[in-house]
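What follows is a single structure, written as C-alpha cells, with notes after it.
What follows is calculated from the coordinates using simple rules that are stated; it is not laboratory data. The structure presented is a predicted model; accordingly, all values stated were derived computationally and were not measured. For neighbour counting, all protein chains shown are included, and Cβ atoms are generated from backbone atoms with ideal geometry for every residue, glycine included.
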Amino acid sequence: MPEANIMSPADIRRAIVRIAHEIVEHNRGTQDLVFVGMRTRGVPLAQRIAAAITEFEHEQLPVGTLDVGLYRDDLTERGSSVNIQPSDLPDVAGKRVVLCDDVLYTGRTVRAALDALIDFGRPERIQLAVLVDRGHRELPIRADFVGKNIPTSRGDDVQVRLGETDGEEYVRVAAGEEAEALR
Amino acid sequence: MTIRAPQPRPTDAPAPLTTSDADESAWQRRHLLDLDDVSVDELDLVLQTADTMKEVLSREVPRVPALRGTTIMTLFYENSTRTRASFELAGKVLGADVINVSASASSVSKGESLIDTVKTLQAVGADVIVLRHNRSGAPYLAARHARCSIINAGDGLHAHPTQALLDLLTIRSRIGDVRGKRVVIVGDVLHSRVARSNLWSLTALGADVTVCAPRTLVPVGLEHAPEGTLPPVRVEIDLDRAIVGADVVMALRMQHERMQGGFVPGVREYSRLYQINAARLARAKPGALVLHPGPMNEGVEISHEVAHGLQSHVEEQVTNGVAVRMAVLWLITRTLSRGGRLPAGSAL
Amino acid sequence: MTDRLIIRNGRVIDPAAHHDRVADVLVEDGRIVSVAPDLNVEGAREMDARGLVVAPGFVDLHTHLRDPGLEYKEDIASGTRAAARGGFTTVCAMPNTVPAMDSRSIVEYVLREAAARGSVRVLPIGAVSKERAGRELAELGDLAAAGCVAFSDDGAPVHDAMLMRRALEYASTFDLPIIDHCEDESLAHDAVMHEGWVSTRLGLRGAPSAGEEAAVMRDIALAEATGAHVHIAHISTRGAVAAVRAAKARGVRVTAEVTPHHLTLTDEVVAYGALGGEGLVYETNAKVNPPLRSQDDVDACVVGLVDGTIDCIATDHAPHAITEKLCEFDEAAFGISGLETAFGLCMRLVHGGALPLPALIERMTAGAVRALRLDRHVAGIGTLAAGAPAEIVLLDPTADWLVDPERFASKGKNTPLAGVTLRGAVVATISGGRTAHEHEVAVV
C-alpha cells in the first residue's frame, strides 16, 4: 500500500527555494559561499540550492561533493558500506561552507563530514542545510536550514527520492515493520 | 614498483573507472593471498576504491581516520624498502598504527617458527599482518593459524597480489578496459611472482595474455594446463613474433643468478633475443604501454633508451602502489568488522 | 603346556598356496598347524572370524623405524606397534638411522630391541656404503652374517654408477639384492614435489619424472651387465614402470615395489589436500620422496601392480615429528606415516575394481617375500602353510573407518589422510602366536 507523501515534488521545490533565500539572508549575500553536498542525495540538493540562488542573485556559486566513507564510525546511520568514492571539493579555506544533506538523524554522518571538511582546509564557518530533520540526535548537532521537520520513531525509515539520483521525487515515511518489508 | 613508458596523452584520455558503483558485496575476504580466485567484481571494487584513495593522497593533508585503532604489522622475511614503505604509508594515511617487524632482527633468527611469530604478533595486537616471505605458501600457513588478517606481500616464487593490482590500476588508467587487449609478458616468468599474479588478474578481466621467454624460463605446464588449473595464456618463444600488435609490454628483470643457474647462457645472448628495445617496440601497437616491476637492468631485459623513457612516471606508480594498498587494507578491515565470511570451500 | 588358538569360519586367503575358502586356522605354540574347515580341537582359545578375511600377516619391505638415533620421530617399539595395527607382521627396517646400519653392531642392536620391545618381526636392511655416504662399500658380508636381508642407502640414491656396479657384484656374493632409491639428484635439485602444472600453481620447485626414469634405467643396465639382483624402491612413474616391464621381459633380475600412496594419490593432494576443496593448502603431510605424481603415473603404477611388473606393495613408512611438518612447505621433512593406513588405502583399488582382494593380499604378502626371497631367512614367511610361523591378519574389507592420526600407534602423525574415511580395516594381527593387535573381534 503506497504511503502518503509527506512532501510532493512541489513541496520539495518550494522548500529548496525557501532554504536558498534563507541562506542568502542569513549570510548577508553570497560572498565566499561554497556548497558541499554529501554523497549521495546531498549532492543534487546542493546543486539545486546553488542554482536557485544563482537565479535570484545572478552569481555562480561553487558546488562540491563530499564522501564521508573514510570518516564514519560504526554507529553512523548509513551502515558499514564498503563503497567509497572520491571527494571533489573546491577550495574551502576561509570560505563559508554550506554542507547539504537529505536527512538529518543522529548527527553522526554530519560529524564525520565536519572532520572531513576540516581536513580539506580551514573554512571560516560551516553551516548545515537539510531537506528533512527527523529528530533523535545523538550528538549536539543542529541544522541551520531545514526543509521540513518530521517527527519519527526510531524504527521508521525516511525515504527521500530525488530525480537526479532516483528518477522520481518525493519524501515518505515508512513505519516500522513496513520499512523492513520494503527494504 | 612499476615504471611506465611516456606516451603522448590523448586528448580524450579514458575516463577513470568510477562512473558505476562497483558491487560492494563483492569483497568477502579476510585475507589477500593471491589473485587466483579473484572475480571481476572484486577487481572492479578494488580499483574503484583505489581511485578514491588516490584522491585522498592528492590532498594537502593526506590523512583520514578510517583505520584509526587498527594495528598493522609488516613482517618481512626478505628485504624490500619499496614494498614495505608503500604498505607503511598506506596504513598511516588511513590512520592505522603501523609497526615494522624485521625477521632477521627478531626472535625469528633465534629459530622461532612462522606460526609462533604470527601468534605472538597477534597477541601483541596485530589486526592485519603484511607478510613477505621467501618460501612459497608461507602466507597460507600463516592464514590457517591466524585470527587476524594476512596480506601477502610476496611469497617465494608464488604470488605478489598487491603488485599485480597496482599494475592493473596503471594499465586501466592508461588504456582503459583490458578485455581483449594484447598483453605480452617478457622474461623470467618462472622466477617472477609478480608475473604470476598478473597472469591471474589479467586473464580474469579477459585480456589476451602472451608469455614470452626462453623455454627454460617458462613454468612447466603453463602452456597446456588442464582447464581451470592455471591462467589461460599463450606461450611464444620468439619475441619478435610475440610483440606484434601488443597493447602492453611487461619486461621482467633478468637476475644474475639465473645465468649462473644455467637457465640462460649469459647477458649477451639473452639481451640479443629478449631485450625490449626501440626496434622491437616499434612492432607493438603505436602508443603501447611498457611496464617493468623494477629495479631495471638497463641493457639486459630493457634497453637504456626505453628504460630512460620510463623514468618520468615513477612518481605516479608510487602513488598507485600506495593507493592500491590502502584500498586492500580498507576492504579487508571492513570485512573483519562485519565478521567477514570466507570463500566457500576455503580452509582459511 | 601347548598354547592353542583356533580362528574360526573366516574367509582364508593364502595367496602362496592359491587358497581362498572359508576355513578354520589352527595355531599351536606360535606355529600354524593346519587350515581346514570345521577343525575339531580341544583346549584352544577361539577367535570368531565370521565375515572376516583371514590372511598371512603383511610383509613390508620398506619401513623407517628411526631407531637408533631419531627416536623422537619413532622407535622400534612404537614403529612395530604401528605395523601390527596396520596388519604387518614383518617389517624390513631401512638403515638410515643414526648411526646408519652400516655395521654388525648396529644391526645387532636393532634385532635385540625388536626381540625385547617389538610387536612384530623386524628384518634389517644394511647400508650399501659406509655411513650411507656413497663413497666406500660397507662391510656387506658382516651385515649379511648379522641377518641383513638386503642392502640399501635409502633416503638417498647410490649416485655413483661405479659404486652401484661394485655393490651389485659384491652383494651377489651373498646372494642378496641392492635396493635402490632411484633419483637423479641433479635433476631433483631443490625439488620439493613433482614437476607439473601443480608445482607451477604452487610456485614450488618440482622434480621431473625423468629423474626417476634415468636412475631406474641405469640400475637396470647395471643389473643386466652384472647379472645381479636390483630391487627398485618406491617406484612412481610411468616411464620407470615401463622400463622395469621391458627389463623383466628380457630376463633381467629386477624387482620393484610401490607404495600405497603412489597407487592412489596425485600431486593435487599437495595443492588441495586429500579432502579436496578450492583453496590452496600446501599440504606438507603429502610432501614425500618420490613425490606424489600425476594421475597418469598413478594409473601406470596400478597397471604395473596388476600385471606383475611391480612385485609388491611396500609402505615406505616415514614418521616425523609434528614440528617437522608444521612449517613452510620448503622446510618440511619428506615422508608419510603409512603403516596404519596402508591396507585401507590399497583397498581403494579393490573397491574400484582394479585388483581382486586375493591379488592385493598377494602383493602384500607372498609377492613381497618372493621379491627379496625372504623365505630363505624365515621359512614359511608370508604364508599360512603348516609349520609356518603364526603371523596372521584378520581383515574386514568393507568396514568404514575415519583416519585419525591422534590414534596412531606410530609417533609419526604425518599423514595426508587425516579426516578421510577408508573402507577396509585390520581387525586383529597375530604375531609369534600372540595377538599383537586386536581391534574388535569376539574371542569365544
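Data table
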read-out	value
Amide H within-cut-off set for C:Ser152, under 5 Å, with H built and near neighbours excluded	C:Gly126, C:Ala127, C:Val128, C:Ile179
Karplus-derived HN-Hα couplings along segment C:316-332 (A = 6.51, B = -1.76, C = 1.60, θ = phi - 60°), whole Hz, x at Gly and Pro	6, 4, 9, x, 9, 6, 4, 4, 7, 10, 8, 7, 4, 4, 4, 7, 5
Sorted by Cβ density within 10 Å, fewest first, the residues B:Tyr274, C:Tyr170	C:Tyr170, B:Tyr274
Other protein chain Cβ atoms within 10 Å, averaged over every residue that makes up A:83-90	6
For chain B, alpha-carbon Rg and Dmax in angstrom	19.8, 58
Rg/Rg_globular for the protein assembly as shown, with Rg_globular taken as 2.2 N^0.38 Å and Rg from C-alpha atoms	1.21
Extent along principal axes [Cα atoms of chain C; Å; largest to smallest]	64, 54, 43
Radius, Kirkwood style, for segment C:292-444 when every pair of distinct Cα atoms is counted (Å)	17.2 Å
Surrounding net charge for C:Cys312, when Lys and Arg each add one and Asp and Glu each subtract one, Cβ distance under 10 Å	-2
Estimated distance in nm for a label pair at C:Asp400 and B:Arg82, the labels positioned 7 Å out from Cα along Cα-to-Cβ	5.5 nm
Pairwise Lys count, chain C - Cα closer than 19 Å, eight or more residues apart or different chains	9
Debye log10 I(q)/I(0) at q = 0.12, 0.15, 0.22 Å⁻¹ for segment B:194-322, Cα point scatterers	-0.48, -0.77, -1.54
Sorted by Cβ density within 10 Å, fewest first, the residues B:Thr120, C:Thr173, A:Thr109, C:Thr341	C:Thr173, B:Thr120, A:Thr109, C:Thr341
Degrees separating the helix C:104-117 axis from the principal Cα axis of chain C, which is the longest one	40 degrees
Proximal aspartates and glutamates relative to B:Lys119, as straight alpha-carbon distance under 14 Å, when same-chain residues fewer than 8 apart are discounted	B:Asp127
Label-zone membership for segment C:193-233, site C:Ala161, 7 angstrom Cα→C-beta point, backbone N under 14 Å	C:214-226
Proximal lysines to B:Lys181, defined as alpha-carbon separation beneath 16 angstrom and excluding residues fewer than eight positions away on the same chain	B:Lys285
Peptide-level mean, for B:132-142, of C-beta atoms on other protein chains within 10 Å	6
Number of partner chain Cβ atoms within 10 Å, mean per residue of C:324-330	6
Label-point separation in nm, B:Thr229 to A:Ile6, each point 7 Å along Cα→Cβ	6.2 nm
Sequence of B:Cys148, C:Cys148, C:Cys327 once ranked by neighbouring C-beta atoms within 10 Å, starting from the fewest	C:Cys327, B:Cys148, C:Cys148
Efficiency of FRET from Cβ geometry, C:Ala321 and C:Arg31, R₀ 56 Å, rounded to 0.05	0.90
Length gained when the stretch C:His18-C:Ala116 is fully extended (0.36 nm per residue, less Cα-Cα span)	31.8 nm
Residue of A:Val98, A:Val24, A:Val34 that the Gaussian network model of chain A assigns the largest fluctuation, springs spanning Cα pairs under 10 Å	A:Val24
C:Asp299-C:Leu275 FRET efficiency (beta carbon distance; Förster radius 22 Å; 0.05 resolution)	0.50
Dipole magnitude of the protein assembly as shown about its Cα centre (Cβ charges: Lys, Arg +1; Asp, Glu -1), debye to nearest 20	1080 debye
Positive minus negative residues near B:Arg182 (Lys, Arg vs Asp, Glu; Cβ under 9 Å)	0
DSSP H segments from chain A that extend 18 Å or more along their own axis, Cα-based, with Kyte-Doolittle mean of 0.5 or above	A:42-57, A:108-120
Spacing of the two label points (7 Å from each Cα toward its C-beta) at C:Arg376 and A:Glu57, in nm	11.0 nm
Furthest towards positive pole of dipole, C:Gly43, C:Ile381, B:Ala103, structure part the protein assembly as shown, Cβ charges	B:Ala103
Angle between chain C longest axis and helix C:238-249 axis [Cα atoms, degrees, rounded to 10]	70 degrees
Using alpha-carbon coordinates, inclination of helix B:114-124 to the longest axis of chain B, degrees	50 degrees
Max mean-square fluctuation residue, GNM over chain C, Cα-Cα springs under 10 Å, options C:Ala368, C:Ala249, C:Ala191	C:Ala249
Proximal lysines relative to A:Lys95, as straight alpha-carbon distance under 28 Å, when same-chain residues fewer than 8 apart are discounted	A:Lys148, B:Lys54
Backbone N under 17 Å from the C:Ala145 label point (7 Å along Cα→Cβ), restricted to segment C:81-105	C:102-105
